[in-house]
Amino acid sequence: MIRLAGIGAATAGLTGVVACSSGDDTGSGSLAGGPSSTRATAGDPTAGPANVPRPDVGLPSGDTSRGADNFFISERLDAESVTFRNQFGQRITANLFTPKNLSRDGRHPTVVVSHPMGATKEQSANLYAQKLAEEGFVTLSVDHAYWGSSEGEPRNLVAPDNYAETYNAATDYLRTLEHVDPERIGALGICGSGSFVISAAKIDPRIKSVATVSMYDMGAANRFGLGRSVTLEQRRAVLAQVAAQRDAEFGGAAPEYTSGTIHELTASSSDVEREFYDFYRTSRGGFTPEGATPRTTTHPTLTSNARFLNYFPLEEIETISPRPILIVTGEQAHSREFAEDAYRRAAQPKELVVVPGAGHVDLYDRVDVIPFDRLTAFFRRSLA
């Protein structure tokens, strides 16, 4: 791994940002949903009981202060594991959460939620989806293609356009459900998905409101690094490495992986690396989906990660208006620069919420810190 600007490629960008990546092995529990069913439509969706993970007690415990509860399971909701196809023909897997006391005869507002870059719906997205569902929304927690339980080969591929399509395809699916109001669908993106949801909303007027939490502009993060610490010469060096690896893999070499969360802490580990390690490599948030290995779950493929250099999610963000945008960031978050940039560029109506004392990863799972009240109020107003 090339060292960049003193903090390393894993935290500086170019070969990917450590923020927003998956974790290690975990056990699983189940949350019973409605009866299994298959809906024969053009999107080929299916549904069955949801499985939700439990913390892996075999991992270090991590810092579980301030209400850290990534593996929260609500007893007030019905949960289904559902699948539907995106326009790339891949089957997307999601969890559909519905309040038990919600009338299935009416049409209700719905929020699509997706996970940090390189993570899975079991990391942050399920938590947010359930907390919003407890407030009366129907919610859908989705895995992006190439990650988690969704289809896509090769695994861990970087495909920003396809990640945005996750939200568009989720909207396709939700608009077919009898208890969902097709004109009241909002979307929420956490970390890297904060940029993917913006990309999706720019081209899909069916998404009526957008919220981001701990947003990463995955294009800027990879082009410039945190605090614009990466030089053009360093970027070119990484592209030369990617080009050489493409040649090698086309000739039959095994894929190389990049960035993601470190697997061991050392005396030289940066504060950002430590922050992500405490979530993704501990029982606080560590999770490995079926078919993955703990050594690669956090890491995009090296050759595909260069696509982020061509990714500009904040360009024309103002065209989302007059649909409202809520941007949530931590006062001490290393990603705050991206949230503030998005807020500056966006047109009204827009709102920036800076959570006092919160870091980037704090907003993944610390329920005593996450402003669920602000998110709930935003979606109630915007999806009224």
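The values are calculated or read from the model by the stated rules, or taken from the named source; none is laboratory data. All figures in this text were calculated on a predicted structure; none of them were measured in a lab. A quick note on method: Cβ atoms are made from the backbone with ideal geometry, for glycine too, and the neighbour counts reach across all protein chains shown. Ligands, DNA and RNA are stripped out before the accessible areas are found, and what is left, the full protein with its side chains, is counted by its heavy atoms. Shrake-Rupley method; radii C 1.70, N 1.55, O 1.52, S 1.80 Å.
What the table shows:
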item: Rounded to 10°, Cα long-axis angle of helix 372-382 versus longest principal axis of the chain; result: 60 degrees
item: The range 300-361: mean projected area of Cα convex hull, nm²; result: 5.1 nm²
item: Net dipole in debye of the range 49-93 [+1 Lys, Arg Cβ; -1 Asp, Glu Cβ; about Cα centre; nearest 20]; result: 200 debye
item: Solvent-accessible heavy-atom area per residue, rounded to whole Å², over the chain at 1.4 Å; result: 38 Å²
item: Amide H within-cut-off set for residue 93, under 5 Å, with H built and near neighbours excluded; result: 143, 150, 151
item: Candidate residues 321, 74: accessible-area rank, largest first, probe 1.4 Å; result: 321, 74
item: On Cα atoms only, tilt of 192-202 relative to the major axis of the chain in degrees; result: 60 degrees
item: Net charge, residue 91 excluded, C-beta distance under 9 Å - Lys, Arg +1, Asp, Glu -1; result: -1
item: Alpha-carbon centroid distance for the pair the range 197-219 / the range 68-91, whole angstrom; result: 19 Å
item: Relative packing of peptides 200-207, 166-173 - highest average C-beta neighbours within 10 Å first; result: 166-173, 200-207
item: Positive-pole candidate from 149, 92, 301, dipole of the chain, charges at beta carbon; result: 92
item: Contact order relative to length of the chain, as percent, for alpha carbon pairs under 8 angstrom and 6 or more apart; result: 23 percent
item: Most fluctuating residue given options 66, 366, 281, as computed from a GNM of the chain linking Cα atoms under 10 Å; result: 66
item: Cross-link pairs 121/350; 131/202; 100/131 - those with Cα-Cα distance over 20 Å; result: 121/350; 131/202
item: Choice from 322, 289, 45 with maximal GNM fluctuation in the chain (Cα, 10 Å cutoff); result: 322
item: Neighbourhood net charge (12 Å Cβ-Cβ; Lys/Arg +1, Asp/Glu -1) for residue 74; result: -2
item: Accessible carbon and sulfur surface of the chain relative to its total accessible area, %, 1.4 Å; result: 49 percent
item: In Hz, Karplus ³J(HN,Hα) per residue of the range 97-107 (6.51, -1.76, 1.60; θ = phi - 60°; x = Gly, Pro); result: 10, 9, x, 4, 8, 7, 5, 7, 8, x, 10
item: The range 304-357, dipole about Cα centre (Lys/Arg Cβ +1, Asp/Glu Cβ -1), debye to the nearest 20; result: 120 debye
item: Using alpha-carbon coordinates, inclination of helix 336-345 to the longest axis of the chain, degrees; result: 60 degrees
